[in-house]
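The values are calculated or read from the model by the stated rules, or taken from the named source; none is laboratory data. Since this is a predicted model, take the numbers as computed values, not measurements. Note that we place each Cβ from the backbone using ideal geometry, even for glycine, and neighbour counts take in every protein chain shown. Just so you know, the surface numbers come from the protein's heavy atoms only, side chains and all, with ligands and any DNA or RNA stripped out. Shrake-Rupley method; radii C 1.70, N 1.55, O 1.52, S 1.80 Å.
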Amino acid sequence: MSEFINHGGQSRRAFLVGTAAAGAALLAPAAAQAANERIVYANWGGSWEKAMRRAWADPFTKESGIQVVSASDNSLGRLQAMEQAGKVEWDLMEGLPELARVGAEKGLLEKLDFSIINRDGIMKRPEFFNDYSIPEVIFGRVLIYDKRLPQKPTSWASFWDIKTFPGKRAFYNKVESGILEAALLADGVPADKLYPLDVDRAFKKLAQIREHIIWYTTVTQSEQIMREGQATMGLLADGRALSVKSGGAPVEVAMDVSLLTWSVFVVPKGAPNKEAAMRFLAFVLDEHRQTAIAMAYNYGPVVPAAWKAIPKDRYNLISGGPEAEKTAIFLNADWWTANLQPVTEKFQQWLLG
């Protein structure tokens, strides 16, 4: 994972000058005619949406004249329903890597225009390159815990130790959110032997704490559960976990107990303003915009050059930084693409059982 870090230096002046230059290039002569355009961006909302607006949406609007309007329920099911109804409302959508693969297979996505979008700076992970998506940010799923617990949890096994660490556990009710990986790691499976996942073994492990689990249905709800002390431990997206901590809740985040993944941008088939969406995607891949999002939130840049302008005192807070390099595990998007539907069905049956 050394590709995440570029230990270069850059002055604030150089950073600002570079940002201005990039902005001028993007503004180009189309700004005036774009003044009445807008793109509708379906995203996860909450604290992440606020950071994205500061780092990406508002600067993009200032430089291009194109408004960025947020929409909720960025799910594959919602996208498919709009496509089937012939009423596509979104121009842009974020989601997990499986969104790009499954969406493309179902014919729900536009091919991206790489004459507009420059991918040259993206880190060279093969799974980041396809016709229908670009990586958005690197993020982790981390263990967050109540500081009033008698001990500090140090591994996924701690998550299952109800006696030493009493209280409820918070899990996302999406099977691809890392819960099976966490269960198998807690059960002693070595990190390099996780895939292919032993699904039955994972569900058996989850059953051990079944009565102690609070299943959250949105990432915004995950923050609420931990902020209000409904659970003493949770598996949360790291940005959400740090948002709870920075908000003053009595919690701590075990950044060294993490699972790394990434989010993707896709453009729905038949998007009303797809060219404007392509321009936005070109904008966010600029290294200075990637630095900006890492400074506004703790999600890691997908353009390694962005690390040059990130202060080293933030390295251990940002997903994919040097601290995570020692212990983090990347979720296997290829395995999940091939197995998402049957494992989801099995998970739903397990929840009802």
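Values as computed for the structure displayed
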{"quantity": "Members of segment 235-286 found to be over 15 Å from the mean Cα position of the chain (by Cα) and of a type in the set (Ser, Thr, Tyr), listed by number", "calculated": "Ser246"}
{"quantity": "When residues of segment 170-184 are limited to those that are farther than 14 Å from Phe159 by Cα and not aromatic (Phe, Trp, Tyr), the one most open to solvent (accessible area, probe 1.4 Å)", "calculated": "Lys174"}
{"quantity": "Residue within segment 227-234 that is acidic (Asp, Glu) and more than 27 Å from Asp334 (Cβ to Cβ) present", "calculated": "yes"}
{"quantity": "Residues of segment 87-135 satisfying the condition of being over 12 Å from Pro268 (Cβ atoms) and without any contact (Cβ under 8 Å) to a residue 12 or more places away in the chain", "calculated": "Glu105, Phe114, Ser115, Asp120, Pro126, Phe129"}
{"quantity": "Options Asn74, Asn43: the member that is open to solvent by less than 30 Å² (accessible area, probe 1.4 Å), in contact with a Gly (Cβ under 8 Å, 6 or more places away or on another chain), of a type in the set (S, T, N, Q) and in the same structural domain as Glu275 (by TED's automatic domain parsing)", "calculated": "Asn74"}
{"quantity": "Which listed residue, of Gly239, Gly234, Gly178, Gly167, is in contact (Cβ under 8 Å) with a residue 40 or more places away in the chain and out of contact with any helix residue (DSSP H, G or I) (no Cβ under 9 Å at 6 or more places or on another chain)", "calculated": "Gly178"}
{"quantity": "Unique residue being open to solvent by 60 Å² or more (accessible area, probe 1.4 Å) and more than 16 Å from the chain's Cα centre (by Cα) when the list is Phe159, Phe129", "calculated": "Phe129"}
{"quantity": "Some residue of segment 141-148 being buried (at least 19 other Cβ atoms within 10 Å of the Cβ), modelled with pLDDT under 95 and aromatic (Phe, Trp, Tyr)", "calculated": "no"}
{"quantity": "Listing of helices (runs of 4 or more DSSP H) fully contained in segment 261-353 that carry 2 or more residues being open to solvent by 40 Å² or more (accessible area, probe 1.4 Å) and within 22 Å of Leu206 (Cα to Cα)", "calculated": "333-352"}
{"quantity": "Hits in segment 88-99 - residues which are modelled with pLDDT of 95 or more and open to solvent by 10 Å² or more (accessible area, probe 1.4 Å)", "calculated": "Val88, Glu89"}
